[in-house]
Amino acid sequence: EGGTVYIRDWRDRTESRRRPAEPGALKTRLCWFHAHHPQGCPLQEQNCCFAHGADDLRPSTRPLKKLKNF
């Protein structure tokens, strides 16, 4: 708008096709925006599903995949 670029917040959509994040999966990966975007993550730390720094990371509860034998 008016020559300004902004990131659209898709969380406001009522027809979300994505499954909601499992509670155990939250904060298990680092936030790309927080780490790489010049302006950082547009969300507050408590509202973002990803960790904003190593101190915010939690261990994953997801079981490891078994490797297929060749």
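The values are calculated or read from the model by the stated rules, or taken from the named source; none is laboratory data. Treat the numbers as computed from the prediction; the structure is a model and nothing was measured. As a convention, Cβ positions derive from the backbone with ideal geometry for all residues, glycine included, and neighbour counts pool all protein chains shown. These accessible areas exclude ligands, DNA and RNA; they are computed on the full protein's heavy atoms, side chains included. Shrake-Rupley method; radii C 1.70, N 1.55, O 1.52, S 1.80 Å.
How many residues does the range 37-57 contain that are on the phi < 0 side of the Ramachandran plot and under 13 Å from the mean Cα position of the chain (by Cα)?
Going through the range 37-57 one residue at a time, the tally reaches 14.
Check whether at least one residue in the range 56-63 is open to solvent by 100 Å² or more (accessible area, probe 1.4 Å), in a loop (DSSP other than H, G, I, E, B) and among the β-branched types (Val, Ile, Thr), and report yes or no.
Yes; the residues of the range 56-63 include at least one that is open to solvent by 100 Å² or more (accessible area, probe 1.4 Å), in a loop (DSSP other than H, G, I, E, B) and among the β-branched types (Val, Ile, Thr).
What are the pairs, 6+ residues apart or on separate chains, where a residue within the range 24-49 that is touching a residue at least 24 places away in the same chain (Cβ under 8 Å) and farther than 22 Å from residue 60 by Cα has its Cβ under 8 Å from a residue that is among the acidic types (Asp, Glu) and in a loop (DSSP other than H, G, I, E, B)?
Taking only residues 6 or more apart or on different chains, the pairs are 42/9.
Might you let me know whether the range 24-41 holds any residue that is charged (D, E, K, R), part of a loop (DSSP other than H, G, I, E, B) and at pLDDT below 85?
no
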